[in-house]
Amino acid sequence: METMESTNWRRFFLETAALVVSAVLCALVANLMASRERKLALVTDYPNAQKVPERSAAPPPLSPVVAEAPAASPAAAAPVTAAPASPTFPPIEKGTSVPASSAAPAPDPAAKVKIIENRLSEDELLARFPPPAGKPYREATPEDVTTLFQSGALFIDARRTKVYQEGHIAGARSVSVWESDVAERILDLVNEGRRQDLPVVIYCSGGECEDSHMLSEKLFGAGFTNLVIYKDGWPDWVKRGGKTARGLTP
Amino acid sequence: MAGLGEARGKDRAGIDAVTRLASFLTHPWLTVRVQIGLGLIFIIAALPKIVDPPSFAHMVLNYRILPGSLVNLSALVLPWFELLAGLALVLGIFRRTASVWIGVLLCVFMGAIALNLFWDNPIECGCFDPKDAGKSVEERFFDMKALLLRDAGMLLMVAQSLWAERSRRVAGAPSPVVDPSKVGDLV
């Protein structure tokens, strides 16, 4: 009877081992053969993975208190890296918008009038949106995001590539935090030699979407010190009639 | 004594109601159907996760239980384990082991959902579709409670499968292997 029991256990462990080993092998092979969008990096880390997000208390946006753009203050700026490549995204045009994807909410005509021309130079941008002290990012109001867009700040879309393809903020770059080549894409941004102290706007799907926050941690680790989270994200942009684009190119 | 037997629900052959119920619940006819059903559920649940691991990794992270370094690995391996365990049940191989592990997975899912209900963290299960369905907070909480009930029902199926396997081994009965000529009866 004892022998039968031990045989049962032995069989159980052997079958378990067979299932686990097969599952691991299948997973590794499938991941190896997966397309870039569906591949996962085996070794990665997600900060705050075990921290339950606070549902009710979203921190108030840290909109800069400076009402008007002051005179340029280059001395206050962080050290400038070599070959400062000026972002060349088109300024937003009053009341114009490219139709967004069919899944996106319809633009709110009343909200369009809020978009005003307010292009700032790099130094003015730095003065108005200085790197946040002690944390990798700040959250910005939609109005601040509009100003940043008009001033040619770098926009990064943290959503999945497929969703980016369906519609994104015009000029935004795609760096999906969930895809295996996220480190590669961040490295590409770093290698472009752009100033890392200038504001970089990151957005995702708005609401409870945390992708932009997760991406900001990675970008901060790569040396970007002035990260601005557009918390209301893509749905708000479309609702406010912001300029959008489709496809894989910014 | 005869009166006592009648009071306990014995039929004319002297078999009481409990024995008849146990006999029905462990009958190979029922066991095969329960195992195939359970296996199919796990196969259907595993496929979308295998097709889109990044979305499932997102779901795994939303549970806030695993350390960040284990999120991707779990998102890759777990769906394949579900698929293989489900296939084992459908094909009638490793039945006891597959039933045990499916039971363990169900308990883990239920524990994870219960924990998030306790934390007041509305999550989408990602059980059959790892993509975010864009549900409201209230809808998510409702779904989480419904999921506990659904998984409890599936745990009952696991219990039946294990009980039947145990009864069969104790009785020394032949295993309920599916006869190919009777596949039509089983499906």
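The values are calculated or read from the model by the stated rules, or taken from the named source; none is laboratory data. Please read these numbers as outputs of a predicted model, since none were measured by experiment. For neighbour counting, all protein chains shown are included, and Cβ atoms are generated from backbone atoms with ideal geometry for every residue, glycine included.
Show the residue pairs meeting these rules: Cβ distance below 8 Å; 6+ apart or different chains; first residue within the stretch A:176-189 and within 14 Å of chain B (Cβ to nearest Cβ) and closer than 12 Å to A:Glu37 by Cβ; second residue among the aromatic types (Phe, Trp, Tyr) and buried (at least 21 other Cβ atoms within 10 Å of the Cβ).
Listed by first residue and then by second, the contacts come to A:Ser176/A:Tyr164.
Could you list all residues from the stretch A:24-55 that are outside any loop (DSSP other than H, G, I, E, B) and either at pLDDT below 85 or at the interface with chain B (Cβ under 7 Å from one of its Cβ atoms) (or both)?
A:Val24, A:Cys26, A:Ala27, A:Ala30, A:Asn31, A:Arg36, A:Glu37, A:Arg38
Against the conditions (1) within 10 Å of chain A (Cβ to nearest Cβ); (2) under 20 Å from the mean Cα position of the chain (by Cα), where does B:Pro130 fall short? Just the number, please.
(1)
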